[in-house]
1. Relative to the longest principal axis of the C-alpha atoms of the chain, give the angle of the C-alpha long axis of helix 146-159, reported between 0 and 90° and rounded to the nearest 10°.
2. Dipole size in debye (nearest 20) for the chain around its Cα centre, Lys and Arg Cβ +1, Asp and Glu Cβ -1?
3. Please compute the contact order of the chain in relative form: average sequence separation of alpha-carbon pairs under 8 Å and at least six residues apart, divided by the residue count, as a percent.
4. How much FRET efficiency would the formula 1/(1 + (r/R0)^6) give for L113 and R22, where r is the Cβ-Cβ distance and R0 is 41 Å, rounded to 0.05?
5. Going by how many other Cβ atoms sit within 10 Å of their own, how do F12, F99, F27 line up, fewest first?
6. Cα-based count: Lys pairs in the chain below 28 Å, eight or more positions apart or different chains?
7. Using a ≥ b ≥ c from the Cα gyration tensor of the chain (square roots of the eigenvalues), is it rounded, prolate or oblate, where a/c under 1.5 gives rounded and otherwise the larger of a/b and b/c decides, a/b for prolate?
8. Given the options L9, A79, G101, identify the residue whose Cα lies farthest towards the positive end of the charge dipole of segment 7-148 (+1 on Cβ of Lys, Arg; -1 on Cβ of Asp, Glu).
Amino acid sequence: MVGADIEGLIKFFSKMPGLGPRSARRFVLYLLKHKQQKLLPLIDLLAHTAEHVSECTECGNLDTENPCTICSNQRRNKAHLCVVEHVADLWALERSGAFQGIYHVLGGTLSALDGIGPDELRIPYLKQRIQSNQTTELTLALNVTLEGQTTNHYLAAELASPGLKITSIAHGVPLGGELDYLDSGTLITALAARRTLETEES
Ligand SMILES: [Zn+2]
């Protein structure tokens with residue numbers, strides 16, 4: 001039988017996304033066996049992150065800097081804005097290394113049923129950013145779900161304006177697909193094959 005503290009630790013980790021009781025046990029045991037090299041540095045990292053982490057006031061990414069590392073990177077193309085649902089999607093696209101612009105995290109999708117309208121999704125701020133960044137291309141990289149595509153169409157219609165090219169990733173993203181679960185190759189193809197959406201302005 002393991003002690004109550006350690007049992008508590010295992011229980012805590014087993015509730016984390018992607019970890020079950022078995023991997024939580026292995027994880028905790030590994031940390032305990034490598035106190036100096038793993039456990040103590042982990043505590044420092046967690047404490048530092050907990051103290052500094054916040055939502056980027058520009059794009060909505062999570063980072064220990066605000067504006068985040070992406071928004072404050074001068075080499076990123078500020079005129080190309082990519083709209084995603086969640087931070088996980090932003091991180092997935094970053095992992096692919098295929099996108100050199102900046103992002104806008106909506107925080108979800110439109111849902112009349114759940115009472116989620118444009119104001120709940122940072123859409124008013126998206127309009128502001130398009131203006132202030134003088135965005136020339138807006139890439140909609142929402143998940144290929146019914147809600148994602150409904151939001152896609154809403155944004156394309158709502159944001160259409162002369163001089164703004166609105167594109168959408170499509171090719172290679174399976175129906176029901178969430179960006180976070182796709183491999184980098186699929187995402188690179190999806191970004192490269194983005195198509196211009198039909199809007200009233202174009
Ligand atoms: Zn940011």
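1. So the helix axis and the longest Cα principal axis differ by about 40 degrees.
2. So the dipole magnitude of the chain works out to roughly 900 debye.
3. Once divided by the residue count of the chain, the mean separation gives 16 percent.
4. 0.65
5. By the 10 Å Cβ count, ascending, the order reads F12, F27, F99.
6. Step by step, the pairs that qualify in the chain add up to 9.
7. Values: a/c = 2.32, a/b = 1.98, b/c = 1.17.
Here the chain falls in the prolate category.
8. L9
Coordinate-derived values only; no laboratory data. Every value quoted in this text rests on a predicted model; they were computed, and no experiment measured them. So basically every Cβ, Gly included, is an ideal-geometry build from the backbone, and we count neighbours across all protein chains shown.
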